[in-house]
Each structure stands twice: as structure tokens, then as C-alpha cells.
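To keep things clear, I will list the structure first and then write my remarks on it.
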Amino acid sequence: MILKPMLLSLKIASIATIFSLIIGVYLAKVMTKKDFPGKNAAEVLITLPMVLPPSVTGYILLILFGRRGIIGSWLYSMGISLVFSWTGAVMAACIVSLPLMYQSVKASLINVDPVFQKAARTLGASESRIFWTVTLPLAWPGIVSGVALTFARSLGEFGATLMIAGNIPGKTQTIPLAIYFASDSGDMVTANILVGIMTAFSFILIYSLNSWLKKKNFHSIG
């Protein structure tokens, strides 16, 4: 009852974080390096899930990826269904947590001292090589922060997951869903245990991140 939601939540959060990292780095690179028509609108769309209620985000995903949805009907014709599946939960967690990754990476890229990039250019390095060997390593602390926050957010995702993946024990029931339905059914023992685990894990994660960043900043100053 407790182990399955924990393992499933860790699995979903890990995969969602990996996808968010890849997409977030790419989007942050594009948004900080290029200007194009509609750039502001595109950035609003990227960050919109951070301010929308999760249930609204989940409803939009359901409209798009449901079996009769705009994209979902096409996927379903090929035998792919994201609704009421753990892959749907991954998608929900990824979309809801992506803004945190994007904002962290973008801020880190902007704060990289351009002197190092200019020095690499004078040595004949291409823009792509500069990004991967100079800019990204210097932005690493912000990227690590983004990964930690994205993982924590994915682990705690509830509303969008419930809308598109449902609450199927052993299949889509994550820790937040298990807590809600355990408390709703009066099983306070299970709810309390899961709440304790989630709170302790999140505390340790954020505490470790803050400690690492302080040490990183201290060594940089030193």
C-alpha cells in the first residue's frame, strides 16, 4: 500500500526531471541567444503551467491528449494512449515542473560572465562548443538547483496527474494521490506515514541543495 506509490512516484519524478532538464536547457539556450517574432508569447507559454492551477493544466492535457483529443486521437490510432497510464503521469509532471527548470537554467545562463565566452571566441571556438564547454559548466550550480526543484515538484504533483492519469493503484497512484484517497477513506495511518515520508524527503533534498550551494559560493569567493 505504501511501497508501490513511493516507487512509482520516484520513477515518474526521475523520468520527468530528465525530460525537463533536456527541454529546459534547450529552451533556455534559445531564449537567451536568439530573438524572433513571438518570443515573449512563447516564454509566457513555457512558464504558464507554473501559475495555472494544476487541475486546469491537467484539463488542457486531457483535451489535447485524451483519446478524442487533438493529438490523443492520432496517437490512439497508432495504439498509443497516455490517458490513465504512468506515461501520462510523467507528461503531467514534466509540463508542470518544466517552468522551474527553465527559469533556473535561464537565470544561470544570463549570469555567466561574458568575458569567458569572448575569450573562447578569440581562440576560434564555435558558438556550439562555447555553450557546451564554457557557458554550461559555469551555469552548473543553477542547473543543479533546477534539477532538485524540478524533481521535488514532480514528486509532489497532484492535480494534473489526477486529471490525465487517474488514480489506479499500482499503475498511476503516486504518493500525493495515495495521501488524498487514504485520508478521504479515513485511513489516516497510511496518510500520516506518506505525509511524513514526503515531508522528510523534501526537507532533506532542499537542505542538501542549500548546503551544497553555500559551499560552492564559499569556494568561489575564496
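The values are calculated or read from the model by the stated rules, or taken from the named source; none is laboratory data. All values reported here derive from a predicted model rather than from experimental measurement. Note that each Cβ is placed from the backbone with ideal geometry, even for glycine, and that neighbours are counted across all protein chains shown. We work out accessible area using only protein heavy atoms, side chains counted, and drop any ligands, DNA or RNA first. Shrake-Rupley method; radii C 1.70, N 1.55, O 1.52, S 1.80 Å.
Going by accessible area, probe 1.4 Å, with all protein chains left in place, what is the ranking of Ile46, Ile204, Ile23, largest first?
Ile204, Ile23, Ile46
Based solely on its DSSP helices, what 222 nm [θ] is calculated for the chain when runs of n ≥ 4 H residues each add -39,500 (n - 2.57) and the sum is averaged over all residues, nearest 500 deg cm²/dmol? Don't jump to the answer; show the numbers that get you there.
Numbers: 11 runs with 167 residues, N = 222.
Calculated from helices alone, the mean residue ellipticity at 222 nm is -24500 deg cm²/dmol.
Accessible area per residue of the range 89-222 at 1.4 Å probe, in Å²?
52 Å²
By how many degrees, 0 to 90 and rounded to 10, does the Cα axis of helix 86-110 deviate from the longest principal axis of the chain?
Relative to the chain, helix 86-110 is tipped by roughly 20 degrees.
How much length, in nm to one decimal, is gained on full extension between Val51 and Lys11, taken as 0.36 nm per residue of separation minus their Cα-Cα distance?
11.9 nm
Report relative contact order for the range 94-175 in percent, whole number only (criteria: Cα-Cα under 8 Å, sequence separation at least 6). Each step should come with its number before you reach the end.
Details: 56 pairs, mean separation 34.1, N = 82.
Averaging sequence separation for qualifying contacts and normalising by length gives 42 percent for the range 94-175.
Tell me, in nm to one decimal, what length is gained between Lys4 and Lys39 on full extension, where the rule is 0.36 nm per residue of separation less the Cα-Cα distance? Numbers along the way, then the final one.
Working: separation 35, 0.36 × 35 = 12.60 nm, distance 4.21 nm.
Contour length minus Cα-Cα distance gives 8.4 nm.
Taking a virtual spin label 7 Å from the Cα of Val195 along the C-beta vector, which residues in the range 41-58 bring their backbone nitrogen under 13 Å of it?
Those under the cut-off are none; the list is empty.
Sorted by mean Cβ packing within 10 Å, highest first, what order do the peptides 114-120, 24-30, 133-139 take?
The packing order, highest mean first, is 24-30, 133-139, 114-120.
Which peptide among 58-66, 72-80, 9-17 comes first, and what is the full order, when sorted by highest mean count of other Cβ atoms within 10 Å?
With the highest mean Cβ count within 10 Å placed first, the list reads 9-17, 58-66, 72-80.
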